[in-house]
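Enquirer: Starting off with a structure, shown below.
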Amino acid sequence: MPIPVTGLAAAISGLLLLLLALRVSQLRLRHKVSLGDKGIPELLRAIRVHGNTVEHVAVFLIQSACYELSSGSSPLLIGCVALFLGARLIFAWGLSRSSLSLARRAGAGFTYLAELVLSVALLVQAVNTLL
């Protein structure tokens, strides 16, 4: 069964992760750092942006696929995916600029909201299936 919403989310997330990884590599070359961050704030932020995105994308895509396989490409799923992807872009941009930026906080908040809504939808779906 095709899962186009999750597929699109995976493609966009993959491109975002690639760009973030390239940024880490670029900074490592510029600062001649092979491992760690050597206390360079810009490199530390780039590493955390990439790592944080990996952490959230992995779980969200699994949830998205589970929901789409059982409920199809519903408006709820499309909305959660759109919110999640926008939030990750805002978060990445915000944290790349400053540790405590408004964009970082907004991106994190919208990420949590998308994850919460999809988690609750999956929970309701599972309970309804089991009953």
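Enquirer: Consider only pairs whose beta carbons are under 6 Å apart and that are at least six residues apart or on different chains; among these, list those whose first residue lies in segment 61-78 and is closer than 18 Å to Y112 by Cα and in contact (Cβ under 8 Å) with a residue 60 or more places away in the chain and whose second residue is open to solvent by less than 20 Å² (accessible area, probe 1.4 Å) and among the charged types (D, E, K, R).
Expert: Hits for this filter: L77/E68.
Enquirer: Among the candidates A121, A103, which residue alone is over 19 Å from L18 (Cα atoms) and either at pLDDT below 95 or among the aromatic types (F, W, Y) (or both)?
Expert: So the residue among A121, A103 that is over 19 Å from L18 (Cα atoms) and either at pLDDT below 95 or among the aromatic types (F, W, Y) (or both) is A103.
Enquirer: Being surrounded by 13 or more Cβ atoms within 10 Å (Cβ to Cβ), under 19 Å from L19 (Cβ atoms) and not β-branched (V, I, T) is the filter here; which residues of segment 43-81 pass it?
Expert: Within segment 43-81, L43, L44, R45, A46, R48, H50, N52, H56, F60, L61 qualify.
Enquirer: Which ones in segment 2-15 are surrounded by 18 or more Cβ atoms within 10 Å (Cβ to Cβ) and either assigned to a loop (DSSP other than H, G, I, E, B) or aliphatic (A, V, I, L, M) (or both)?
Expert: Across segment 2-15, the qualifying residues are I3, V5, A9.
Enquirer: Considering only residues of segment 20-42 that are assigned to a loop (DSSP other than H, G, I, E, B) and open to solvent by less than 70 Å² (accessible area, probe 1.4 Å), which is nearest to S96 (Cα to Cα)?
Expert: Looking at residues that are assigned to a loop (DSSP other than H, G, I, E, B) and open to solvent by less than 70 Å² (accessible area, probe 1.4 Å), I get I40.
Enquirer: Tally up the residues in segment 92-119 that are over 13 Å from the mean Cα position of the chain (by Cα) and either farther than 19 Å from H50 by Cα or open to solvent by 60 Å² or more (accessible area, probe 1.4 Å) (or both), please.
Expert: Of the residues in segment 92-119, 8 are over 13 Å from the mean Cα position of the chain (by Cα) and either farther than 19 Å from H50 by Cα or open to solvent by 60 Å² or more (accessible area, probe 1.4 Å) (or both).
Yes/no matrix, rows are residues, columns are (1) among the acidic types (D, E); (2) within 21 Å of I3 (Cβ to Cβ); (3) in contact with a strand residue (DSSP E or B) (Cβ under 9 Å, 6 or more places away or on another chain); (4) modelled with pLDDT of 95 or more:
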{"position": "L20", "(1), (2), (3), (4)": "no, no, no, yes"}
{"position": "V24", "(1), (2), (3), (4)": "no, no, no, yes"}
{"position": "V49", "(1), (2), (3), (4)": "no, no, no, no"}
{"position": "G72", "(1), (2), (3), (4)": "no, yes, no, no"}
{"position": "A82", "(1), (2), (3), (4)": "no, yes, no, yes"}
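Enquirer: From L85, L89, L122, grab the single residue that is open to solvent by 20 Å² or more (accessible area, probe 1.4 Å), in a helix (DSSP H, G or I) and over 17 Å from S13 (Cα atoms).
Expert: Sole residue among the options that is open to solvent by 20 Å² or more (accessible area, probe 1.4 Å), in a helix (DSSP H, G or I) and over 17 Å from S13 (Cα atoms): L122.
Enquirer: What are the residue pairs meeting all of these: first residue in segment 107-130, first residue closer than 19 Å to F91 by Cα and without any contact (Cβ under 8 Å) to a residue 24 or more places away in the chain, second residue of a type in the set (V, I, T) and open to solvent by 50 Å² or more (accessible area, probe 1.4 Å), Cβ atoms under 7 Å, and 6 or more apart or on different chains?
Expert: Qualifying pairs under 7 Å: G107/I90.
The values are calculated or read from the model by the stated rules, or taken from the named source; none is laboratory data. Note that the structure is predicted; figures quoted are calculated from it, not measured. Every residue, glycine as well, gets a Cβ built from its backbone with ideal geometry; the counts of neighbours run over all protein chains shown. These area figures cover heavy atoms from the full protein model, side chains too; ligands, DNA and RNA do not enter into them. Shrake-Rupley method; radii C 1.70, N 1.55, O 1.52, S 1.80 Å.
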